[in-house]
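K.L.:
Here it is: the structure, laid out below.
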Amino acid sequence: MSDAELVARARQGDHAAFGELVERHRAAVYRAAHAALGSASEAEDAAQEAFLAAYQKMGTYRAEASFKTWLLSIAWHRALSRRRSLVSRWRRFASGELPEPAVSRETRTQEGALIDAEMAHHVERLVRALPARLRDPLLLCAAGEQTYGEIAVVLGIPEGTLKWRVAEARRQLKQRLVRLGYGHE
Amino acid sequence: MSETRGPRPPAPSPLDAAIDAVLHDMVAGEGPADLHRRVAARLAERPSPSPWRAWPVLAAAAGIAVVAASLVLVRRASTPARSVTSVHEPPVGSVAEPRTAAPAPTVQARAESVPPVPAPPRARRPARMRASEPAPEPADGVEVAPIEVSPLDVAAMGDERVVLRPLRIERMDIEPLAEPQP
């Protein structure tokens with residue numbers, strides 16, 4: 001059954017149809033939230049909120065974009081809102097930015113395990129230090145769930161701008177890694 | 001919509017590979033496996049919007065509408081009456097005393113024992129009071145001492161003329177500079 005058919009059923013109050021949509025897009029929504037929040041537990045909560053919001057707003061979906069893109073837009077904006085709230089809460093009690101959530105050893109992939117742990121730590125720190133306008137597109141693209149066009153819709157920027165930001169983020173990361181003594185450009 | 005897949009450049013350098021690996025780790029995960037169940041539980045908690053649940057809101061809205069309509073009707077009913085009185089009301093100053101500085105004989109008229117005196121300058125009263133309210137009559141047997149107002153002696157302004165004289169331009173004799181001597 002296609003997304004459109006499931007959406008039509010969910011609109012009529014079919015919870016099972018909506019459940020199927022949740023199951024199909026769970027990973028994409030979670031990864032988008034993870035890209036925005038940088039924390040697995042926060043991303044889980046944000047994903048849940050995003051699905052609930054999508055169910056409530058189902059009547060406003062006009063099929064101008066795919067259901068997945070529409071859903072990811074909701075998830076992204078929910079996650080950004082959560083991020084702003086977390087940052088302001090953090091600033092109220094402490095100074096500076098949010099603490100860096102460390103990527104646990106368990107979640108490291110085989111690919112990640114191949115590179116030097118110290119270098120990985122540096123890369124992660126540098127990614128988090130990037131300005132949000134460069135970091136967000138870079139991480140959303142890294143999630144590998146969407147095309148550039150879909151990500152551009154989610155972020156509300158032209159596709160060309162998205163590509164430039166991703167390339168610029170990579171360029172800055174490499175430049176800083178070279179300064180730290182890792183390889184050469 | 002572009003179908004261009006993603007983020008990976010075609011031939012990654014070692015640095016690119018390292019960046020990709022870390023980025024992948026940073027957004028890895030499938031989300032909680034029981035997300036569907038959690039969402040379903042939350043949806044079950046939230047009742048679906050039904051027209052019956054909107055009754056309190058609708059009732060409140062109807063109440064506000066009724067109050068607003070009655071206010072409008074009351075205002076409309078009262079507005080013409082006000083406009084009629086304002087039309088028949090004499091213009092300010094036409095029936096009341098003239099606003100000239102001439103002394104008014106009111107003091108003399110009211111208290112016969114009191115010699116006529118020029119009326120002191122009075123504070124302006126609202127127009128309605130002038131038109132409708134009669135002046136209070138003095139009580140019998142009460143003598144009211146006249147208020148004396150000494151005339152102000154203001155010296156007339158002198159008519160001194162200012163005479164403007166034309167400027168005189170005096171000639172200046174300028175002598176030529178002496179030749180510089182070596």
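The values are calculated or read from the model by the stated rules, or taken from the named source; none is laboratory data. Because the structure is predicted, anything quoted here is derived from the model rather than measured. Here the Cβ positions follow ideal geometry from the backbone for every residue, glycine too, while neighbour counts run over all protein chains shown.
For every residue, the table says whether it meets (1) touching a Gly at 6+ places or on another chain (Cβ under 6 Å); (2) closer than 14 Å to B:ASP20 by Cα; (3) facing chain B (nearest Cβ under 10 Å).
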{"position": "A:ALA143", "(1), (2), (3)": "no, yes, yes"}
{"position": "A:ILE151", "(1), (2), (3)": "no, no, yes"}
{"position": "A:VAL154", "(1), (2), (3)": "no, no, no"}
{"position": "A:ILE157", "(1), (2), (3)": "no, no, no"}
{"position": "A:LYS163", "(1), (2), (3)": "no, no, yes"}
{"position": "A:ALA167", "(1), (2), (3)": "no, yes, yes"}
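K.L.:
Quick check: is even one residue across the stretch A:2-10 outside the structural domain of A:HIS122 (by TED's automatic domain parsing), among the basic types (Lys, Arg), at pLDDT below 90 and under 26 Å from A:GLY156 (Cα atoms)? Working first, answer last.
P.N.:
Just the residues of the stretch A:2-10 that are outside the structural domain of A:HIS122 (by TED's automatic domain parsing), to begin with: A:2-10.
In the following step, the residues that additionally are among the basic types (Lys, Arg) were identified as A:9.
After this cut, where a residue has to be at pLDDT below 90 as well, the list is A:9.
Now restrict to residues that are under 26 Å from A:GLY156 (Cα atoms): none.
No, that holds for no residue.
K.L.:
Anything in the stretch B:30-42 that is surrounded by 19 or more Cβ atoms within 10 Å (Cβ to Cβ) and assigned to a loop (DSSP other than H, G, I, E, B)? List them, or say none.
P.N.:
B:GLY31
K.L.:
Evaluate the stretch B:58-65: report whether one residue or more is at pLDDT below 80 and either charged (D, E, K, R) or more than 30 Å from A:HIS121 (Cα to Cα) (or both).
P.N.:
yes
K.L.:
Here's something else I'd like to know. Out of the stretch A:1-52, which residues are among the β-branched types (Val, Ile, Thr) and more than 8 Å from chain B (Cβ to nearest Cβ)?
P.N.:
Passing the criteria: only A:VAL7.
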